[in-house]
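This report concerns only the one structure given below.
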Amino acid sequence: MEITADFDGGNILVDEVRGPSASLRIRSDSNAPFYQWFYFRAEGVAGENRQFAISNAAGASYPGAWSQYRVLASADHIMWNRLPTSFEEGVLKFTHEEAPETASYAFFVPYPETRRRALLTVATGTPGVERRSIGRSVQDRSLDMLVFGEETGGERIWVIARQHAGEPMAEWAAEGLVRRLLDPADEVAKELKAKTTISVIPNANPDGSALGNLRANADGVDLNRDWKEPASASREVAAIKRAIAHDGVDYFIDLHGDETRPYIWVVPPGAHLDPAAARKALHFVLELARLHPELQPPPVGIEGEDAAEAGMSVNYIATTYGCPAWTLEMPFPEVPGFGDSLLADGCMRFGRSCLEALNVVIGQGK
Ligand SMILES: [Zn+2]
């Protein structure tokens with residue numbers, strides 16, 4: 001059996017392969033100690049039961065995540081299925097029974113760079129859509145943004161995704177949202193574009209995504225801890241802050257994945273909004289919950305004030321601009337009662353729902 005991870009988003013270290021069994025470790029982020037994201041391909045031993053053991057799972061950034069987690073596998077990168085998985089004595093073990101000649105294994109359905117490029121190309125050719133590069137990453141990748149809607153002086157919505165590289169659900173959701181905005185027949189998209197301008201950054205951390213990192217950019221900076229004032233250490237966050245300062249913001253969404261919690265939830269921004277903004281912030285969450293029963297209230301013990309100290313985007317935006325700002329967390333594990341309703345398609349559907357909820361909230365006057 002041959003194991004490779006030398007491709008876009010790949011991450012695994014191979015310690016030993018014996019027949020259909022492999023002992024593996026997850027590699028840490030570039031210049032940072034975080035790790036949990038893995039993604040690799042195995043070839044050979046077709047028809048046999050492939051057995052994998054990730055020996056450093058206990059030291060991952062969120063070891064509590066493994067106990068209720070099952071690894072995803074795919075032969076064609078379209079259909080992803082869960083494998084029998086166990087976490088015992090610090091080792092994550094999983095088995096692929098009667099494995100095909102080639103299969104990929106990942107912590108979540110990977111979102112490939114080629115797909116992002118294709119989406120940006122489609123968007124670029126669509127009337128009424130502007131594609132902008134707002135800066136360059138550490139490794140000189142473009143930070144791409146799509147802008148939808150008339151420049152009518154209406155309100156501005158910002159959506160950013162995948163500050164944390166190993167949370168591809170964020171980019172799946174961003175694609176769902178972008179595709180809805182690109183659909184000329186979609187009533188929600190039409191209404192929203194008529195009254196607002198929507199700026200979308202589908203991938204805020206293209207280096208980390210390509211490198212197979214969990215959280216950090218190429219320099220080892222956790223971007224969603226880098227929004228503290230006065231200055232951000234990363235050029236990615238600095239570029240996004242500049243673009244927002246230039247264009248203004250009235251609503252802000254930051255899309256993420258949660259390794260541990262098996263539901264969608266919204267992180268409180270921790271900033272004190274005026275009553276009108278706070279009402280809109282809550283209204284949006286209630287609309288989302290109506291569309292997605294997988295959404296649950298924030299876990300007990302998560303205080304908004306912690307976010308204020310942590311350098312997260314939502315606190316910076318809410319504090320600086322006084323507007324609603326949401327960190328939306330989608331789950332890595334299956335959702336009890338809903339199974340795998342939030343793989344790639346489900347996350348795209350969630351992105352579409354974000355527009356629907358925004359349209360209701362913004363339609364309610366000021
Ligand atoms: Zn995150």
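The values are calculated or read from the model by the stated rules, or taken from the named source; none is laboratory data. Keep in mind that what you see is a predicted model, and the values were worked out from it rather than measured. With ideal geometry, Cβ positions are generated from the backbone for all residues, glycine too; neighbour counts draw on all protein chains shown. Accessible surface is based on the protein model in full, side chains and every heavy atom, while ligands, DNA and RNA are left aside. Shrake-Rupley method; radii C 1.70, N 1.55, O 1.52, S 1.80 Å.
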Average Cα contact separation per residue, the chain, under 8 Å, 6 or more apart, as relative contact order % = 17 percent
ask   = So, in the chain, how many Lys pairs have Cα atoms under 18 Å apart, if the pair is 8 or more places apart or on different chains?
value = 5
ask   = When the accessible area of segment 1-121 is split by element with a 1.4 Å probe, what percent falls to carbon and sulfur?
value = 47 percent
task = Mind checking which of Leu328, Ser209, Phe284 is farthest towards the positive end of segment 113-363's charge dipole, using Cβ charges of +1 (Lys, Arg) and -1 (Asp, Glu) about the Cα centre?
result = Ser209
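For the chain, what does the equivalent ellipsoid look like in terms of its semi-axes, each the square root of 5 times an eigenvalue of the Cα gyration tensor, given largest first in whole Å?
Equivalent-ellipsoid dimensions as semi-axes: 35, 21, 20 Å.
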task = For segment 95-151 and segment 197-239, compute the distance between their C-alpha centroids and round to whole Å.
result = 15 Å
ask   = What number, in percent, do you get for the relative contact order of segment 2-106 if the mean sequence gap of Cα pairs under 8 Å and at least 6 apart is divided by its residue count?
value = 28 percent
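What does the net charge come to around Asn203 if you take all other residues with beta carbon closer than 15 Å to its beta carbon, with K and R at +1 and D and E at -1?
Values: positive: Arg115, Arg116, Arg117, Arg131, Arg132, Arg136, Arg141, Arg162, Arg215, Arg235; negative: Asp8, Glu113, Asp140, Asp144, Glu167, Glu171, Glu175, Asp207, Glu236, Asp254.
Result for the local shell: 0.
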key: Farthest toward positive dipole pole in the chain [+1 Lys/Arg, -1 Asp/Glu at C-beta], among Ala53, Leu295, Leu83   = Leu295
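Could you work out the local net charge near Gly248, counting Lys and Arg as +1, Asp and Glu as -1, over the other residues with Cβ closer than 10 Å to its Cβ?
In short, -2.
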key: Sparse-neighbourhood loop sites, GluC sites (Glu not before Pro) in segment 1-104 - DSSP loop, at most 11 other Cβ within 10 angstrom   = Glu89, Glu97, Glu98, Glu101
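In square nanometres, what is one fourth of the surface area of the convex hull spanned by the alpha carbons of segment 177-223?
Projected area, direction-averaged: 4.3 nm².
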request  = Would you please report the Å³ per residue occupied by the convex hull of the alpha carbon atoms in segment 187-321?
outcome  = 141 Å³
request  = As a check on your grasp of the helix formula, calculate [θ] at 222 nm for the chain: sum -39500 (n - 2.57) over DSSP H runs of n ≥ 4, divide by the residue count, round to the nearest 500.
outcome  = -9000 deg cm²/dmol
request  = Over the alpha-carbon set of segment 2-106, work out the extent along each principal axis and list the three values in angstrom, largest first.
outcome  = 36, 28, 28
request  = Determine the dipole magnitude for segment 2-106: charges of +1 sit on the beta-carbon of Lys and Arg, -1 on that of Asp and Glu, nothing else is charged, the reference point is the Cα centre, and the result goes in debye to the nearest 20.
outcome  = 320 debye
Unit charges on C-beta of K, R, D, E only; dipole of the chain, Debye = 680 debye
